[in-house]
Amino acid sequence: MTLTRRAMLQVGGGTFAGYCLAADPVLAQAIKTDTTGIVAGEAEVKIGDYGMPVYEARPASGSGYPIVLVISEIFGVHEYIRDSTRRFAKAGYYAIAPELFKREGGVAQLTNIQDILKIVLAQPRPQTLGDLKAAVDWAKTRPGVRADRVGVTGWCWGGSTTIQVAATNPDMKAAVAWYGPPARPYQGPSGPVSGFDVAKDIKIPFLFLLGSTDTNPQVADGRKFAEMVKQVNRNVEIVVYDGAGHGFHADYRPSYNPVAAADAWKRCVDWFNEYLKG
């Protein structure tokens, strides 16, 4: 059976639980952030002979803006991710969202979840982390940035990847992960690496945002991960939104919970304000 993105909206658990699934068409409730007062657009980061597309947004004037690395769900840098990137620019950040699946041909044109997951789950961990580091290194050269203040955030697969980045990239000063399963494996040279495996390496302020009805990650997994990080890092906070499910911030989907999403966004920005601007 081939499951399309639309059909997958009806799947509440099982193999595909824990992935933000794109709505088709995008719902009218989706937030639309304009470019008044900011500069936003596409660019390319050269990594050897490869050109990685990125979407960037920053305030139109001024300087000293911290960098926020924005990591997408499995659907790449679609409009929801672009809009969220613009929201960070409106909050006084230089934000960059790298397109991490172009090497494999991209995912935007794919219509069933199996083809998308085939690309995402096979991607080597060193490639993912290397491309994200390249995005940050390039971001440091952009106008108006404060290169010594870098944070990372992401949703779903991007939330799990945020855990990996927080544990490995020394540039990071703060992290906010949105409902990313810490058990999700990343393919390393010596075998799969999960968030639980790298929890001991996270030494930066870390905020974990979860929904109480999510099945992947379940709240128990989120709390277990947070407790593991707290063994080496006291600056960890987990927030669980009662009645919210997976993808509660994804305003283009039926899973959107506007109350939880608004509070979580404020907490995310406040977290970065404290640790990147403070």
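The values are calculated or read from the model by the stated rules, or taken from the named source; none is laboratory data. What you are looking at is a predicted structure, and each value in this text was computed from that prediction instead of being measured. Don't worry about glycine lacking a Cβ; one is built from the backbone with ideal geometry, like all the others, and counts go over all protein chains shown. Each accessible area value is taken on the protein alone, full model and side chains, heavy atoms only, with ligands, DNA and RNA left out. Shrake-Rupley method; radii C 1.70, N 1.55, O 1.52, S 1.80 Å.
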Kirkwood Rh, Cα atoms: Rg over Rh of region 179-278: 0.99
Over 21 Å (Cα to Cα) - which of K90/K230; K90/K203; K200/K224; K173/K230 fall in this group: K90/K230; K90/K203
Share of carbon and sulfur in the accessible heavy-atom surface of the chain [1.4 Å probe, %]: 52 percent
Residues with amide H under 5 Å from that of R184, placed H, sequence gap 5 or more: G195
Built amide H within the under 5 Å cut-off of I47, gap 5+: M52
Estimated vicinal HN-Hα couplings, Hz - region 149-164 in sequence order (Karplus 6.51, -1.76, 1.60; Gly, Pro = x): 10, 10, x, 9, 8, x, 10, 6, 3, x, x, 5, 5, 4, 4, 4
Share of Cα-Cα pairs in the chain lying beyond 26 Å, as whole percent: 37 percent
Separation in nanometres of the label points that stand 7 Å from Cα toward Cβ, at K224 and V259: 3.0 nm
Under 5 Å, built H, 5+ apart or other chain: amide partners of G154: I71, V176, W178
Gain in span if fully extended, T168 to R146, counting 0.36 nm per residue against the direct Cα distance: 5.9 nm
Probe 1.4 Å, protein heavy atoms only - accessible area per residue of the chain in square angstrom: 40 Å²
Overall form of region 32-95 per C-alpha gyration tensor (a/c, 1.5; a/b vs b/c): oblate
Quarter of Cα convex hull surface for region 158-202, i.e. mean projection, nm²: 3.1 nm²
Cα gyration tensor, region 116-269 - rounded (a/c under 1.5), prolate or oblate: rounded
Cβ-based charge dipole, region 143-246, positive-most Cα from V232, T153, W178: V232
In order through region 117-126: 3J(HN,Hα) via Karplus (6.51 cos²θ - 1.76 cosθ + 1.60), integer Hz, x for Gly, Pro: 5, 4, 6, 5, 6, 8, 5, x, 4, x
Table column - 3J(HN,Hα) (Hz), region 227-234, Karplus curve with 6.51, -1.76, 1.60, x for Gly and Pro: 5, 5, 5, 5, 5, 10, 8, 6
Net length gained if the chain between T215 and Y50 were fully extended (0.36 nm per residue, minus Cα distance): 55.7 nm
Shape category assigned to region 114-190 from the gyration tensor of Cα positions, a/c cut at 1.5: prolate
